[in-house]
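**Q** Please find one structure pasted underneath; my questions will follow.
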Amino acid sequence: MINAELKSNNAFCFTINTSIFNENVITKALYWYTEFFNIYWNKKSESVSVIILKVKPNTNKTYTFEDVASKFNQDLIDYKNRDLIIHETKDIRNILYVKAFANNDDFEDFNLASE
Amino acid sequence: MINSYYLLPFRFEKIGGQELLVNELGDYIFVPIGTINRIVNHQLNKKEDVYKDLISNFFISESPIPELIDNMATRLRTKKAFLDSFTSLHIFVLTLRCNQNCIYCQASSKDSSEALYDMNEEHLFKAINLMFQSPSESITMEFQGGEPSLPFHLLQKAVERAAELNEKYKKQITYVLCTNSINLTEKILCLCKKYNILISTSLDGPAFIHNHNRGKNDSYNRSIEGISKARNYLGTDRVSALMTTSELSMNYPKDIIDNYLSNGFNNIFLRPLNPYGLALNNTDWNKYLDKFITFYKSALNYIIDINIRGNFFVEEFTAILLRKMLTPFTTGFVDLQSPTGIINSVVVYNYDGYVYASDESRMIAEYHDYTFRLGHVTDKYESLFYGKKAQQIILIGGTEFIAGCADCAFQSYCGADPVRNHSTQNDMYGLRPTSSFCKKHKAIISYLFYLIHNEHDRVMPIFKQWINKNENEF
């Protein structure tokens with residue numbers, strides 16, 4: 001994260017270097033904020049995105065800037081690690097599933113895509 | 001010295017000041033905070049204990065394809081063994097009529113005199129024919145309602161017909177009668193004895209809770225009398241009970257468990273209300289869920305202490321989760337399956353002849369929502385179980401790929417529930433951040449992991465016995 005700032009009592013602004021945390025990572029992290037926040041995402045340049053998290057009206061919980069900034073920062077790191085694991089293990093996961101389930105030749109093949 | 005190694009698929013979560021890692025096979029390991037970062041950045045040293053633990057537990061590998069890949073594949077297949085037999089639980093809603101007035105009724109029951117809510121014989125027999133087309137060698141024929149013992153003639157014909165047809169099909173059939181035990185007559189019990197029918201009854205705890213929940217003054221005494229009669233007739237092990245946690249119940253976890261113990265049960269299923277039927281409109285779900293989690297933790301600890309004192313008493317929902325967390329096997333519990341248990345494991349033949357994807361699917365149909373209606377008992381088996389609607393539902397019913405679940409450390413233990421998503425969020429796919437299903441399971445699984453890690457010596461001997469259902473070790 002490049003910068004985090006308090007816009008107002010209920011709006012928090014984060015500037016993110018997307019060459020460090022790609023859009024996939026940011027999206028997955030933000031997904032869990034959709035219950036209590038409205039999300040505004042502005043792509044400033046090829047490598048910089050600005051995210052504003054605004055607390056939804058009628059939300060009973062109170063959020064401090066420090067807590068949200070700290071949590072969002074940690075979430076980005078966690079989702080980046082998850083992304084690295086998914087990327088590195090994609091092929092072995094496919095091999096594992098094929099080995100586990102592809103030996104049942106007697107299943108009738110229902111065409112799921114065309115119906 | 002930094003070593004090269006290869007990652008294997010795993011997911012993670014922070015619990016109790018540690019990092020919990022869970023791999024594709026459902027095996028888990030706790031490591032100190034910061035270890036995940038070191039693992040994914042390939043900074044582990046071969047000489048570290050954690051390196052050896054991760055290798056031996058299938059989290060990392062020293063070769064691109066692990067030597068034991070076939071072993072891993074077999075274990076993954078074992079975890080999904082419930083798919084082998086396809087639909088095994090066949091629920092027959094013989095009637096919507098009921099003789100109780102439960103405040104949380106999820107089945108939209110009708111007054112006990114309204115016979116137009118009974119299934120007709122032609123539809124019943126067609127439903128039985130469909131059941132026998134299931135590839136599963138072992139099937140459960142479960143009778144529900146309303147109160148399914150009210151139309152006794154239908155219950156009797158259903159069991160007799162199934163037994164007759166089974167002369168040809170040779171399946172292993174388990175019959176279950178879900179009854180409130182209010183009116184278990186000699187005739188009903190005689191049928192249960194003859195066909196080895198299990199009784200699954202409901203008991204919400206002490207009289208003041210049970211009667212309150214049922215809107216009747218004498219319900220508790222009549223249920224206990226019915227349970228006692230059924231036990232004498234069929235044997236204690238042929239009668240099980242299920243409790244539903246109403247808002248009142250949540251203040252009395254110990255009283256409810258003590259009541260189960262005093263009534264001779266050695267298990268309980270702490271079942272929350274579900275957002276269907278009357279319960280949907282009468283409850284503030286966010287508050288309810290928070291209170292339920294507190295209730296569950298309190299009740300579970302009380303039960304653990306009962307076991308420590310030498311009484312074998314199981315909390316069944318916990319036992320289901322523990323089997324998934326601590327053993328290589330799966331369970332038949334429909335709610336916690338991926339691909340989703342609806343259609344794959346359960347189907348419902350409703351009183352009006354329509355076929356639904358699950359018990360909850362037919363409940364929302366009573367509110368004119370037919371999203372999960374697969375067709376009619378007069379339709380062909382293939383069009384019901386493999387038709388367009390079934391495919392639409394199942395294609396979005398996998399924790400392995402839906403948003404929020406795909407990255408979740410508890411993926412292997414949890415399940416996908418498109419019906420609940422639809423019912424509570426008006427979207428079969430669902431949004432996990434606001435899903436009560438997700439919140440409940442995350443809270444409970446996290447708590448079980450917390451107990452396993454932080455109170456290992458206290459809980460593990462008991463949890464192991466619950467998994468093995470080994471009463472003799474007490």
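Any read-out appearing in this document is the output of simple, stated calculations on the displayed coordinates, not a laboratory observation. Values in this document were obtained by computation on a predicted structure and should not be read as measured data. Backbone-built Cβ (ideal geometry, glycine too); neighbour counts: all protein chains shown.
**Q** Pick from A:A102, A:A29, A:A11: which residue has the top mean-square fluctuation in a GNM of chain A where Cα pairs under 10 Å get a spring?
**A** Looking only at A:A102, A:A29, A:A11, the biggest GNM fluctuation is shown by A:A102.
**Q** Right, another one. Averaging sequence separations of C-alpha pairs under 8 Å and six or more residues apart, then dividing by the length of the range B:221-290, give the relative contact order as a whole percent.
**A** Reported as a whole number, the value is 28 percent.
**Q** Okay, next question. What distance in nm lies between label points placed 7 Å from Cα along the C-beta direction at B:E225 and B:R38?
**A** My value for the distance between the label points is 6.8 nm.
**Q** State which entries of A:K54/A:K80; B:K170/B:K193; A:K90/B:K79; B:K291/B:K324; B:K80/B:K254 exceed 31 angstrom in Cα-Cα distance in the structure shown.
**A** Values: A:K54/A:K80 23 Å; B:K170/B:K193 20 Å; A:K90/B:K79 20 Å; B:K291/B:K324 25 Å; B:K80/B:K254 36 Å.
Violating the 31 Å Cα-Cα cut-off are B:K80/B:K254.
**Q** For peptide B:394-406, how many partner chain Cβ atoms fall within 10 Å of a residue's Cβ, on average? Intermediate results must be reported in sequence, preceding the final value.
**A** On the way: counts 1, 2, 0, 0, 0, 0, 2, 0, 0, 3, 3, 0, 3.
If you average over the peptide's residues, the count of other-chain Cβ atoms is 1.
**Q** While we're on this one: With a/c under 1.5 counting as rounded, go ahead and sort the range B:375-474 into rounded, prolate or oblate using the C-alpha gyration tensor (a ≥ b ≥ c being the square roots of the eigenvalues; past the cut-off, prolate if a/b is larger than b/c, else oblate). Display every interim value, and only then the final one.
**A** Working: a/c = 3.29, a/b = 1.74, b/c = 1.88.
It is oblate, given that a/c is not under 1.5 and a/b is not larger than b/c.
**Q** Let me ask something else. Under 15 Å from the Cβ of B:K297, count the other residues' Cβ atoms, weight Lys and Arg +1, Asp and Glu -1, and hand me the total.
**A** Working: positive: B:K254, B:K291, B:K439, B:K440, B:K442, B:R458; negative: B:D290, B:D305, B:E315, B:E455.
Result for the local shell: +2.
**Q** With runs of 4+ DSSP H residues as the only contributors, calculate the mean residue ellipticity of chain A at 222 nm using -39,500 (n - 2.57) per run, divided by the residue total and rounded to the nearest 500. Mind showing how you got there, number by number?
**A** Values: 2 runs with 46 residues, N = 115.
So the helix-based figure for chain A works out to -14000 deg cm²/dmol.
**Q** Among B:Y386, B:Y349, which comes first, then next, by fewest other beta-carbon atoms within 10 Å? The partial results should precede the final answer.
**A** Numbers: B:Y386 16, B:Y349 26.
Ordered from fewest to most neighbouring Cβ atoms within 10 Å, B:Y386, B:Y349 come out as B:Y386, B:Y349.
**Q** Using only the Cα atoms of the protein assembly as shown, build the gyration tensor, take square roots of its eigenvalues as a ≥ b ≥ c, and label the shape rounded, prolate or oblate: rounded if a/c is under 1.5, else prolate if a/b is larger than b/c, else oblate.
**A** Details: a/c = 1.67, a/b = 1.59, b/c = 1.05.
Judged from the Cα gyration tensor, the protein assembly as shown comes out prolate (a/c at least 1.5, a/b above b/c).
**Q** How crowded by other chains is B:379-387, given as the mean number of beta carbons from other chains within 10 Å of each beta carbon?
**A** Working: counts 0, 0, 0, 2, 0, 0, 0, 3, 2.
The mean count of partner-chain Cβ atoms within 10 Å per residue comes to 1.
**Q** Computed over the Cα atoms, what is the radius of gyration of chain B divided by 2.2 N^0.38 Å, N being its residue count? Walk me through the numbers before you get to the answer.
**A** Details: Rg = 23.3 Å, N = 474, 2.2 N^0.38 = 22.9 Å.
My calculation over the Cα atoms of chain B gives 1.02.
**Q** Ordered by packing density, taken as the mean number of other Cβ atoms within 10 Å over each peptide's residues, highest first, how do B:354-364, B:437-447, B:175-185 rank?
**A** Sorting B:354-364, B:437-447, B:175-185 by mean packing, highest first, produces B:354-364, B:175-185, B:437-447.
**Q** Roughly what % of DSSP beta bridges within chain B run antiparallel, to the nearest 5? Write out the running numbers ahead of the final one.
**A** Details: 19 of 50 bridges.
Bridges in chain B that DSSP calls antiparallel: roughly 40 percent.
**Q** In nanometres, what is the gap between the two model label sites at B:D284 and B:K388, each 7 Å from Cα along Cα-to-Cβ?
**A** 4.4
**Q** What is the extension gain from B:N301 to B:N129, computed as 0.36 nm multiplied by their sequence separation minus the C-alpha to C-alpha distance, in nm to one decimal?
**A** Working: separation 172, 0.36 × 172 = 61.92 nm, distance 4.59 nm.
57.3 nm is the gain from fully extending B:N301 to B:N129.
**Q** Now for a different question. Nearest 5 percent is fine: what portion of the DSSP beta bridges confined to the protein assembly as shown is antiparallel?
**A** Values: 39 of 70 bridges.
Roughly 55 percent of the DSSP beta bridges within the protein assembly as shown come out antiparallel.
**Q** Counting residues in the range B:123-174 as N, plug N into 2.2 N^0.38 Å and put the Cα Rg over that result.
**A** Working: Rg = 11.0 Å, N = 52, 2.2 N^0.38 = 9.9 Å.
Compared with the compact-globule rule of thumb, the range B:123-174 sits at 1.12.
**Q** Which ³J(HN,Hα) values in Hz, rounded to whole numbers, follow from the phi angles of the range A:42-50 under the Karplus curve 6.51 cos²θ - 1.76 cosθ + 1.60, where θ = phi - 60° and Gly and Pro get x?
**A** For the range A:42-50, the Karplus-derived couplings read 10, 8, 6, 7, 4, 10, 10, 10, 10 Hz, x marking Gly and Pro.
**Q** Next up: Distance in nm between label sites at B:E137 and B:N57, each 7 Å beyond Cα in the beta-carbon direction?
**A** With each label placed 7 Å out from Cα toward Cβ, I get 3.5 nm.
**Q** Okay, moving on. Rounded to the nearest 5, what % of the DSSP beta bridges within the range B:94-231 are antiparallel ones? Before the final figure, lay out the partial values.
**A** Working: 1 of 13 bridges.
So the antiparallel bridges amount to about 10 percent of the total.
**Q** Okay, next question. Under the classification rounded if a/c is under 1.5, otherwise prolate if a/b is larger than b/c and oblate if not, where does the range A:1-91 fall, given a ≥ b ≥ c as square roots of the Cα gyration tensor eigenvalues? Mind showing how you got there, number by number?
**A** Numbers: a/c = 2.19, a/b = 1.59, b/c = 1.38.
Verdict is prolate for the range A:1-91.
**Q** Taking amide hydrogens as modeled 1.01 Å from N in the peptide plane, which residues meet the under 5 Å criterion relative to B:F143, leaving out close sequence neighbours?
**A** For B:F143, whose amide H was placed from the backbone, the distant partners under 5 Å are B:F92, B:V176, B:L177, B:C178.
**Q** Roughly how crowded by other chains is peptide B:67-73, in terms of the mean Cβ count from those chains within 10 Å of each of its Cβ atoms?
**A** Numbers: counts 0, 0, 5, 3, 0, 5, 9.
Averaged over the peptide's residues, the number is 3.
**Q** Also, I was wondering about something else. Based solely on C-alpha atoms, express the radius of gyration and the Dmax of the range B:266-365 in angstrom.
**A** 16.6, 50
**Q** Then there's this: Peptides B:310-323, B:36-49, B:257-270: what's the order by average Cβ count within 10 Å, highest mean first? It would help to have the intermediate numbers written out before the result.
**A** Details: B:310-323: 19.1, B:36-49: 14.9, B:257-270: 17.1.
Descending mean neighbour count gives B:310-323, B:257-270, B:36-49.
**Q** Which value at 222 nm does chain B reach when only helices count, each DSSP H run of 4 or more adding -39,500 (n - 2.57), with the total divided by all residues and rounded to the nearest 500 deg cm²/dmol? All intermediate terms of the calculation are to be shown ahead of the outcome.
**A** Working: 18 runs with 199 residues, N = 474.
My calculation for chain B gives -12500 deg cm²/dmol from helical runs alone.
**Q** Take the Cβ-Cβ distance between B:T74 and B:F401 as r, set R0 to 25 Å, and report the resulting FRET efficiency rounded to the nearest 0.05.
**A** On the way: r = 22 Å, r/R0 = 0.90.
So the FRET efficiency works out to roughly 0.65.
**Q** Another question, if that's okay. Report the Cys residues of the protein assembly as shown lacking a disulfide-compatible partner, meaning no second Cys Cβ under 4.7 Å from their Cβ.
**A** For the protein assembly as shown, the answer is A:C13, B:C98, B:C178, B:C190, B:C192, B:C405, B:C408, B:C414, B:C438, because their Cβ atoms have no other cysteine Cβ under 4.7 Å.
**Q** For the range B:239-254, take each phi angle, set θ = phi - 60°, evaluate the Karplus expression 6.51 cos²θ - 1.76 cosθ + 1.60, and give the result in whole Hz per residue in order, putting x for glycine and proline.
**A** Once θ is set to phi - 60°, the couplings for the range B:239-254 become 10, 10, 10, 10, 10, 10, 8, 7, 4, 5, 4, 5, 8, 10, x, 5 Hz.
**Q** So which residue, out of A:I85, A:I26, A:I52, gets the largest mean-square fluctuation from a GNM of chain A using Cα contacts under 10 Å as springs?
**A** Among A:I85, A:I26, A:I52, the largest mean-square fluctuation in the Gaussian network model of chain A belongs to A:I85.
**Q** State the dimensionless ratio Rg/Rh of the range B:1-40 (Rg: radius of gyration of Cα atoms; Rh: Kirkwood radius). Please report the intermediate quantities before stating the final value.
**A** Numbers: Rg = 10.7 Å, Rh = 10.9 Å.
Value, to two decimals: 0.98.
**Q** On to the next question. Please compute the net charge surrounding B:L25, taking Lys and Arg as +1 and Asp and Glu as -1 over other residues with Cβ under 9 Å from its Cβ.
**A** Details: positive: B:R75, B:K79; negative: B:E24, B:D27.
Counting the neighbours of B:L25, the net charge comes to 0.
**Q** Ranked by Cβ crowding within 10 angstrom, fewest neighbours first, how are B:W466, A:W41 ordered?
**A** Numbers: B:W466 24, A:W41 13.
Arranged by neighbour count, lowest to highest, B:W466, A:W41 become A:W41, B:W466.
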